[in-house]
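Inspection log for the structure reproduced underneath, given as structure tokens.
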Amino acid sequence: MEEGRARSEAFLAGRLDGIWQSMTPELQRQLGSQANLAAFRAQLRRDLGEEREIRNETTLSLVKDVVTYRRTAIWSGAPGPVVMEWSFAPSGRIAGFFIRPAPVAAESRFLDYRTRADLRLPFDGTWFVYWGGRGIDQNYHAVDRGQRFAYDFLVMRDGSSFTGDDPSRLDRYHCWGEPILAPARGRVVAAQNDLPDNAIGRTDTAHPLGNHVVLDLGQSEFAFLAHLRKGSVTVAPGDEVAAGDRLGACGNSGNSSEPHLHLHLQTSAEFGRGEGLPAQFQAYRA
């Protein structure tokens, strides 16, 4: 927490020498030069003004051995809150940095909605909710109308989503290849099975869902299960499935940089249309 505060105050005061020298070579390459960092600060002052009031501070560890300091504040020239974030590598060097207006959750008329389908979790065993919840701080999907209540699941063991010293290997990720199951009885209305799994850190934004299955659960509830492993999908449009039936395996296809399962419910079978629905799962232990 203190390191993040110190770096924030230094940046706001224009003391950039120490910040630049403490950045990892990768981050320095992304920024280009210390002059670019100074230009970024100058642009922020023109666009957002000055920081006036800190509303929230927190530290996170979303990636193994990387500590992130996140601070939300009111700025004099910004219409809403502004987020400043610093990420620190195990060496103590600055591995990530950004400042931007805080995103706003999409409006929804389904905040009090109760799922009509009898939902189970779409996997067996112990998984971790990487993104999920009602607020932006817990769920970056919430900015999107259709994915307003989406979840990203993966498997964590000993504080890490992978094992060994080579995080570039897909088969080192705990959830890679794990069975993905139907969360409820339904009919398959869409499925894709032929997209490649991405190398770690890369994404396929042209095919956001990647290999996926869409289930019609009835009563205008549609479940999307995405980023499945290439060649693993076992169902086709028109198939009827029961809760717990295997649909495929966890992969890294589509707009995914690390193996995980994306799940969301919405009111339409077409991705990008319809409104997101909350998912109330039954018979699980958190």
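The values are calculated or read from the model by the stated rules, or taken from the named source; none is laboratory data. Given the structure is predicted, the values throughout are model-derived calculations rather than measurements. Cβ atoms come from the backbone with ideal geometry, glycine included; neighbour counts cover every protein chain shown.
It is to be established whether one or more residues within the range 45-60 are among the acidic types (Asp, Glu) and over 26 Å from residue 17 (Cβ atoms). So far as the range 45-60 goes, yes, one or more of its residues are among the acidic types (Asp, Glu) and over 26 Å from residue 17 (Cβ atoms).
Considering (1) at pLDDT 95 or above; (2) within 28 Å of residue 156 (Cβ to Cβ), the lone condition that residue 71 does not fulfil carries the number (1).
The residue of the range 125-154 that is surrounded by the fewest Cβ atoms within 10 Å (Cβ to Cβ), among those that are among the charged types (D, E, K, R) and touching a strand residue (DSSP E or B) at 6+ places or on another chain (Cβ under 7 Å), is 145.
Kindly indicate whether any position in the range 76-90 is within 26 Å of residue 156 (Cα to Cα), hydroxyl-bearing (Ser, Thr, Tyr) and at pLDDT 95 or above. Looking for residues that are within 26 Å of residue 156 (Cα to Cα), hydroxyl-bearing (Ser, Thr, Tyr) and at pLDDT 95 or above, one finds at least one in the range 76-90, hence yes.
Whether any residue in the range 169-184 is free of Cβ contacts under 8 Å to residues at least 60 places away in the same chain and aromatic (Phe, Trp, Tyr) is what I want to check. No, the range 169-184 contains no residue that is free of Cβ contacts under 8 Å to residues at least 60 places away in the same chain and aromatic (Phe, Trp, Tyr).
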